[in-house]
1. Which residues, counting only those in region 123-180, are touching a Phe, Trp or Tyr at 6+ places or on another chain (Cβ under 8 Å) and hydrophobic (A, V, I, L, M, F, W, C)?
2. Determine, yes or no, whether ALA116 is hydrophobic (A, V, I, L, M, F, W, C) and open to solvent by less than 60 Å² (accessible area, probe 1.4 Å).
3. Within region 582-613, which residues are among the small types (Gly, Ala, Ser) and either over 23 Å from GLN643 (Cα atoms) or out of contact with any Asp or Glu (no Cβ under 6 Å at 6 or more places or on another chain) (or both)?
4. Is it the case that ALA460 is free of Cβ contacts under 8 Å to residues at least 40 places away in the same chain, assigned to a helix (DSSP H, G or I) and crowded, with 18+ Cβ neighbours inside 10 Å?
5. For region 349-384, which positions are modelled with pLDDT under 85, open to solvent by less than 60 Å² (accessible area, probe 1.4 Å) and in a helix (DSSP H, G or I)?
6. Of these, THR507, THR500, which one is within 20 Å of SER489 (Cα to Cα), at pLDDT 80 or above and not in a helix (DSSP H, G or I)?
7. Just the residues that are aliphatic (A, V, I, L, M), over 12 Å from VAL390 (Cα atoms) and either over 35 Å from the mean Cα position of the chain (by Cα) or open to solvent by 50 Å² or more (accessible area, probe 1.4 Å) (or both), please, taken from region 258-288.
8. Has region 222-243 got at least one residue that is in contact with a Lys or Arg (Cβ under 6 Å, 6 or more places away or on another chain), in a helix (DSSP H, G or I) and of a type in the set (Gly, Ala, Ser)?
Amino acid sequence: MLEPGKSLDAYVLTMLELLAQEAPADQFEDLVRQGRSAGMAEGELARLVAAKDRSLDIRQLFGRRQQREAGLSALVDTARDLTLPYSLDSLLTVITRRARLLLGLDMSWVGLIDLADGLSHVRTADGHASAFTVGFEVPSGGGVGEHAQDRSAPFWTPDYLHDEGFVHNEIIDHVVRAEGLRAIMAVPLRHENLTLGVLYVADRNVRHFLPGEISLMASLADLAAVAIERTRLLEQAKAEVVELEWDVTQALNSSAVAHRLRGIHSELTDMVLSGSDLHLLVQRAAAELDGALLVRGTAGENLARSEGWDQRGGLSRPDSIRADDPGFDRCCLDAHVEGKPVRHDSAVGGELWACPVTGGRDSLGTLVLHCESPPSEAQLQLLVLVAQAVAVSLLMERGTAVAEGQIRDELLHDLLNAPQMPPGQIASRSRRLSFDLTEPHVIVVARPEGGSRGRSAVWASSYAHRMAGLKYVDGDHIVLLLPGDDPASAARAVSRELSTVLGHPVTGGAAGPVTAPDAVPRIHQEARRCLNALTALGGTGNTASLKELGFLGLLLSEKQDIGTFIGSAIGPVLAYDDQQSTELLRTLEEYFNFGSSPTRAAEALHVHPNTVSRRLERITELLGPDWQKPAQALEVQLALRLQRARHLLDSGTGDTTR
């Protein structure tokens, strides 16, 4: 308190002392009131008021400096916190909390740009109410965040909803309205030339952000961007380390599995070389594979089996597929064509796999695995190794069986392409193969219509072995020399089985029988002509022999057998006339001569029409109900003319006018 009558300088000195003491603002006002009460002159009083105002300005400047120092100190503490190791979400939580407390605001949040889709999502928020949720997708096209990113600088508004100085977005406005926010500042999070997202701070009161506050938030955003990028890189590095650790673990496991597989393969090979039979080998391998094993030969026979397969090649389970199922045959063929284990897709009651057993390029059989659950990659590798051990065992048991297959193919090739081989050489080669060419044989030429040449060749080897015949693959055609005297039935059997295995139609031509090696090329050509005739007639997928082709077979035959054709067409009628001394043949001739008219035929024969009708009924019984249909009627008429010509030639008249 100053004494009355003090000078203006004394008052000013007192104000300086108050500034030094950081006295409250009301004490400066009290000093002015004292001067007014002491009767200070108007001019001096005005100067005292000016000194008071300037002192308060200085006091506010000190306050702002202290506030800035406090903010910088808090920023340093924040920078220290951001250097600690965090997960990305934990780091963002620290950033939002520090940003809100740094300026004493009501709310803060971070919208981070997703590198996958380029959209901004709210990852963390602090001080928010129920309207604002983590995971909220910040829409583009409006809002303070959009302007901050476009300008690459902080952007703020004292009253968001009433500020028309920027483009608004209805979705963002709805969230701001629901949260009750007024003042909002958005600061871009940039690292080098990449924008990582936006840091937002907001207050629920109208507030004008000071330059120092804006600068402070910009500095925090810079620190946060560096920390976010560092955390991202650290998490990426951790993920790569985890992946590398997984790869190393997998490599170690693979090495252990490979070591185990080598040990089992070595054990199985030792069993074979020590003389263990195939049955013991299969039993040991089945235990390692945790399944049931079956070894099938090239002809489909069962060579060895473990527990779980019955003697007929079927699984013990009643709901499981049998090994003689056509679909399973296709699976075995696919395994040989692809040269690796193949799964049977339609198998029920567990998993069924077929693995080829080969010696070089030759098929020795098929190894079949049945297990309850899908086999692992290691089990499939072991299955291949077991197949190799089985192949060694089969080769040791069969000796020259693989070479024999090639020799048999070469024999048929030579019979077809080198018919002038010395008979002694042919007999010697056939004898070594236990193949008797003096017995009746037929030739079937089959052509699969769906390709699948590899599968067809594998099947042909098995079929020829099973039927004690010979096979030769000629381009897309399978040539089979098979024992028998019925080429038509042989062709049907081949087409039926091969089409079932391949799932495609098979066209087949057949000829024979033949009992001499030098006749093999001739019937081979006849079989091919039958195949070509079927193709030309639109009979793809069917089979035929010369006999089934009727008069076409007579024309296609290299050696026209007229007697056989006549017998096939009207043989029963000729035999009936000979046995019963009837005139069915003459009645048949007159019937066709007069345009299939029974009445006119009766006049020519000088008999009653009823007699002709009864004879025609007898002919129907002998030739079948279709003898008057165009196709068979044509063959019957051609046979009648040939029979008449042969009769006249045999009688020596030479009259063939009829």
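The values are calculated or read from the model by the stated rules, or taken from the named source; none is laboratory data. The model shown is predicted, which means the values in this text are computed figures rather than measured ones. Quick reminder, even Gly has a Cβ in these numbers, built from the backbone with ideal geometry, and neighbours come from all protein chains shown. We work out accessible area using only protein heavy atoms, side chains counted, and drop any ligands, DNA or RNA first. Shrake-Rupley method; radii C 1.70, N 1.55, O 1.52, S 1.80 Å.
1. Passing the criteria: ALA125, PHE132, VAL144, ALA148, PHE155, TRP156, PHE166, VAL175, VAL176, ALA178.
2. Values: hydrophobic (A, V, I, L, M, F, W, C): yes; open to solvent by less than 60 Å² (accessible area, probe 1.4 Å): no.
When the stated conditions are applied, ALA116 does not pass them.
3. Taking region 582-613 first, the residues among the small types (Gly, Ala, Ser) are 595-597, 601-602, 604, 613.
Correct list: GLY595, SER596, SER597, ALA602, SER613.
4. Values: free of Cβ contacts under 8 Å to residues at least 40 places away in the same chain: yes; assigned to a helix (DSSP H, G or I): yes; crowded, with 18+ Cβ neighbours inside 10 Å: yes.
Here the answer is yes, as ALA460 does meet what is asked.
5. ALA378, GLN379, LEU380, LEU382, LEU383
6. On the way: THR500 fails: not in a helix (DSSP H, G or I).
Going through THR507, THR500 in turn, the sole match is THR507.
7. If we filter region 258-288 for residues that are aliphatic (A, V, I, L, M), which is where we start, we get 258, 261, 264, 268, 271-273, 278, 280-282, 285-287.
Still in the running and over 12 Å from VAL390 (Cα atoms): 258, 261, 264, 286-287.
ALA287, the sole residue that qualifies.
8. Checked against the condition, which is being in contact with a Lys or Arg (Cβ under 6 Å, 6 or more places away or on another chain), in a helix (DSSP H, G or I) and of a type in the set (Gly, Ala, Ser), region 222-243 yields at least one hit.
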